[in-house]
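The structure appears below as structure tokens.
The numbers here are math on the coordinates, done by the rules we state, and not lab data. As the structure is a computational prediction, the values presented were derived from the model and not from experiment. Reconstructed Cβ throughout: ideal geometry from the backbone, glycine too, with neighbour counts over all protein chains shown.
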Amino acid sequence: MRSLAVYCGSSSGARPAYARAARELGAGMAARGIELVYGGGNVGLMGVVADAVLAGGGQVYGVIPRLLLERELAHSGCTQLRVVETMHERKILMASRADAFLALPGGFGTFDELCEVVTWNQLSIHDKPVGLLDVEGYWEALLAFVEQGVVEGFVPKATRERLWRDDDQARLLDRLGAAVATAP
């Protein structure tokens with residue numbers, strides 16, 4: 001796995017564990033030589049994970065819509081920062097650049113990006129693995145909702161099984177990396 005799209009909050013959340021997990025993930029990515037592909041921001045968990053990758057000597061590829069750049073939310077330390085016109089362009093560019101996807105805790109933007117790449121996976125638009133770094137049970141309610149979708153016949157079981165959850169960043173990176181390595 002050469003690159004990983006990380007979706008996460010533009011805030012740091014209510015618990016210090018969220019920022020700690022973002023730092024550990026960024027350090028783990030840098031140690032493995034995995035480029036961070038993310039939304040290009042310098043705030044919240046986005047900024048924390050980018051700072052950690054950079055501190056570990058890693059590469060950071062940010063993609064930010066012009067509207068957010070003009071609000072001075074762009075991370076000035078990105079190895080490469082692409083400015084796009086729309087959020088849709090951002091998501092497409094991030095998805096095409098990444099070998100896999102991982103979501104840290106976040107809000108509606110994170111949910112949107114996560115749901116889109118899972119949907120694209122279900123529709124065979126891509127065959128890239130998707131992981132959830134489950135910090136202090138953050139993703140439990142979402143996964144319960146997805147399970148309800150399976151029970152009610154709206155979410156294919158195979159799609160649910162391709163959404164991987166772990167509370168340990170190293171194990172999740174191992175699993176994502178193994179899936180990328182064995183992909184056709």
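Shape call for the chain from the C-alpha gyration tensor, a ≥ b ≥ c root eigenvalues: rounded (a/c under 1.5), prolate (a/b greater than b/c) or oblate? Judged from the Cα gyration tensor, the chain comes out rounded (a/c under 1.5).
Taking other C-beta atoms within 10 angstrom as a stand-in for reagent exposure, Val150, Val84 fall in the order Val150, Val84, fewest first.
Remark on Arg165: its backbone amide H falls under 5 Å from those of Leu132, a criterion applied only to residues 5 or more positions apart or on other chains, H modelled at 1.01 Å from N. In this simple spin-label approximation, Phe111 and Leu93 carry label points 7 Å from Cα along the Cα→Cβ vector, and these lie 2.7 nm apart.
Note: relative contact order over the chain, using C-alpha pairs below 8 Å and six or more positions apart, is 23 percent.
Net charge in the neighbourhood of Lys91 (other residues with Cβ under 12 Å of its Cβ; Lys, Arg +1, Asp, Glu -1) is -2. Computed about the Cα centre, the dipole magnitude for the stretch 1-77 is approximately 160 debye when only Lys and Arg (+1) and Asp and Glu (-1) carry charge, each at its Cβ.
Note on the chain: GNM, Cα springs under 10 Å; of Glu72, Glu147, Glu161, the largest mean-square fluctuation is that of Glu161. Footprinting exposure proxy ranking of His75, His88, fewest other C-beta atoms within 10 angstrom first, gives His88, His75. The charge dipole of the chain, taken about its Cα centre with unit charges on the Cβ atoms of Lys, Arg (+1), Asp and Glu (-1) only, comes to about 320 debye.
Please work out the FRET efficiency for the pair Gln122 and Thr86, using the Cβ-Cβ distance as r and a Förster radius of 25 Å; give the result to the nearest 0.05.
On the way: r = 24 Å, r/R0 = 0.94.
Efficiency, from the Cβ-Cβ distance: 0.60.
The H on the amide N of His126, modeled in the peptide plane, is under 5 Å from the matching H of Asn121, each at least 5 residues off or on a different chain. At the listed q of 0.15 Å⁻¹, the Debye profile of the stretch 91-154, built from one uniform point per Cα, gives log10 I(q)/I(0) equal to -0.50.
Shown for Trp139, Trp164: other C-beta atoms within 10 Å of each C-beta, ranked fewest to most, produce the order Trp164, Trp139. Across the stretch 67-84, rounded Karplus estimates of 3J(HN,Hα) from the backbone phi angles (6.51 cos²θ - 1.76 cosθ + 1.60, θ = phi - 60°) give 4, 6, 4, 5, 8, 6, 9, 6, 7, 6, x, 4, 4, 9, 10, 9, 9, 10 Hz, Gly and Pro being marked x.
Sort 16-23, 121-128, 32-39 for me by packing, meaning the mean count of neighbouring Cβ atoms within 10 Å per residue, highest on top. Intermediate values should be presented prior to the final figure.
Working: 16-23: 19.1, 121-128: 13.9, 32-39: 22.8.
Descending packing order for the listed peptides: 32-39, 16-23, 121-128.
For Glu140 and Glu70, the difference between the fully extended length at 0.36 nm per residue and the C-alpha to C-alpha distance is 21.6 nm.
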